[in-house]
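Each remark here refers to the structure printed beneath this line.
Bear in mind that the values in this text are calculations on the coordinates, not laboratory data. These figures come from a predicted structure and were not determined experimentally. Note that we place each Cβ from the backbone using ideal geometry, even for glycine, and neighbour counts take in every protein chain shown.
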Amino acid sequence: MRNANDPDLELLVRIRAGDRDAFDELVRKHYVALVRFAGSLIIGAGTEAEDVVQDVLYRTWHLREKLNPQSSIAAYLFAAARNAAFNVRKQARAIDRFKERLASNTLNNTLTGGSSLNDEISAALAKAFVRLPERQQTALRLRYKYEMGYADIASVLGVSSKAAERLLARGIASLREALGKKGGGNDSLKDLRGFLIPLIVIGL
Amino acid sequence: MSDTSSKQDGLEPEITRFFAGLDESGSEPDVDRAIYALGKRIDAKVAPVAPRYVQRRKWIVSAAGAVLIILISAGIYQISRPTQCFPPRPSTYSTMIGQTATIHLDDNSKIILGPTSKIQVSGRRVELQGEAVFTVTKHTQDPFTVQAGNTVTRVLGTTFGIRAYDSSVRVAVQDGKISVDSSRVLGSGDVATVTDKGTSVRHNVDVSQMLNWTSGRLEYRSALLSDIIPDLSRWYGVEIRLADSTLANQHFTGTLKPGSIAELANILELTYKVRVVRVGNILILETSPGR
């Protein structure tokens, strides 16, 4: 696959050999993204997300010899962080209330995130986003926030590449729908598409 | 790759911006601090995986040994915190962070072992690393001796505590009489501290407060924070770092019941008016802004 170009590959080889500097470098590279990602899956995540990620990294170091150089370490870390976050979630008493809080959490985070977005559009997108099933949210997050490739997204979610693509397609369709409604109907949606600039260039 | 997916990766700028702002609220996770904390955890001596007793079971065990082990497991129930004791050999007992263990000897003497401590017992002769409280049955012919560091304590029948985590050894007598290094005789309320430089004895000390950990309470009366920190690491498994070194001279009076690190963080925040930042098992005490 893309493994030969995976910038983490060299790190992985050194980490497997017990190189702590390489491990620190790996942590430096992915820590913030992992904490934010885990935080998105845990309500009221303050230091909890950091604890979750640190446990994941600590275990990763101990399992370093078992890390598979054929697969992406980023995918491994995100998958482990997701599982660990779910374990924290399991402890949440009422899952339904949890989901509500997760939704408002994401809304608040997005709205107070300091982005220059028009509040109305941002709110509409955030609302649509938090209504998506978790796997669609996660797939979208990984693709567009953390810039992960389809193969890695599939391996984080434990699904086939095709299934990952479908999750992304459905998620994006929902967001577009929300954007269309916000824009005042199909006409303005078409206008928007007319000015569409493909900002994200993918290598797939 | 299908047509649909290639089209969909050309996102509307609004959606692109939405994702850019996603999850960005809150403070920036501090990666340097994380690397430091992880390094600490990795470097921490991994507690030797205690050999499971079952695996090491030898079928020919002395009767005394067997009785001891049964009594130990009974003793565990008397302590407020869950404890474990994995004897690698029938006569050696050790505890991990936050653990205590009660050991009943066949002469009816009782030893309560403090956290991160190790004791080797052979009859009425024991060797201690760490902290323990002894309640020794009287036996005139056969004195009970405790070797801790370079200090040997001889006793006929009494309750006393010995603390020997580092080069200094503290012997505190609750009742009865004991002799330390065959020279000094200590009575009830006496506390001897033996260092390389010699032995000093304080009289009329409230010894029960020093031995109270056996009932699951850590009691302090205007103790320096810097003196408490080693205890906290043994009972809570936390490392405490002071962002402001003047905090070390703060006093602490109160009782702690070892429990979760989060609880400890709360207590410290309330007591010292500091901000406690927790990174895994490290608590960083910072002077709160505006005070």
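Rounded to whole numbers, the Karplus 3J(HN,Hα) couplings from phi for segment B:257-270 are 10, x, x, 7, 4, 4, 4, 4, 4, 4, 4, 4, 4, 6 Hz, using 6.51 cos²θ - 1.76 cosθ + 1.60 with θ = phi - 60°, and x at Gly and Pro. Each residue of segment B:137-154 was assigned a 3J(HN,Hα) from its phi angle through the Karplus expression (A = 6.51, B = -1.76, C = 1.60, θ = phi - 60°), giving 6, 5, 7, 4, 6, 10, x, 8, 10, 10, 9, 9, x, 9, 9, 10, 10, 10 Hz with x at Gly and Pro.
Arranged from fewest to most other beta-carbon atoms within 10 Å of their beta carbon, A:160, B:260, B:117 become B:260, A:160, B:117. Between the beta carbons of residue A:32 and residue B:209, assuming R0 = 35 Å, the FRET efficiency works out to 0.15 to the nearest 0.05. Could you tell me the calculated FRET efficiency between residue A:68 and residue B:42, based on Cβ-Cβ distance and R0 = 22 angstrom, to the nearest 0.05? The pair residue A:68/residue B:42 has a calculated efficiency of 0.55. Does a label point 7 Å from the Cα of residue B:277, set along Cα-to-beta-carbon, have any residues of segment B:219-251 with amide nitrogen under 13 Å, and which are they? Residues B:241-244 fall inside that zone. Taking the number of Cβ atoms within 10 Å of each Cβ as an exposure proxy, the fewest-first ranking of B:15, A:153, B:267, B:162 is B:267, B:15, A:153, B:162. Set the bar at 23 Å for Cα to Cα. Now go through A:127/A:181; A:66/A:145; A:29/A:145; A:29/A:162; A:66/A:162 and name every pair that lies beyond it. Pairs exceeding 23 Å: A:66/A:145; A:29/A:162; A:66/A:162.
Applied to segment A:165-172, the Karplus parametrisation 6.51 cos²θ - 1.76 cosθ + 1.60 on θ = phi - 60° returns per-residue 3J(HN,Hα) values of 4, 5, 4, 5, 4, 5, x, 4 Hz, with x for Gly and Pro.
Label-to-label distance, residue B:122 versus residue A:131, with points set 7 angstrom from Cα along the beta-carbon direction: 7.7 nm. Along each principal axis, taking the top coordinate minus the bottom one, the Cα set of segment B:175-291 gives 53, 30, 23 Å in descending order.
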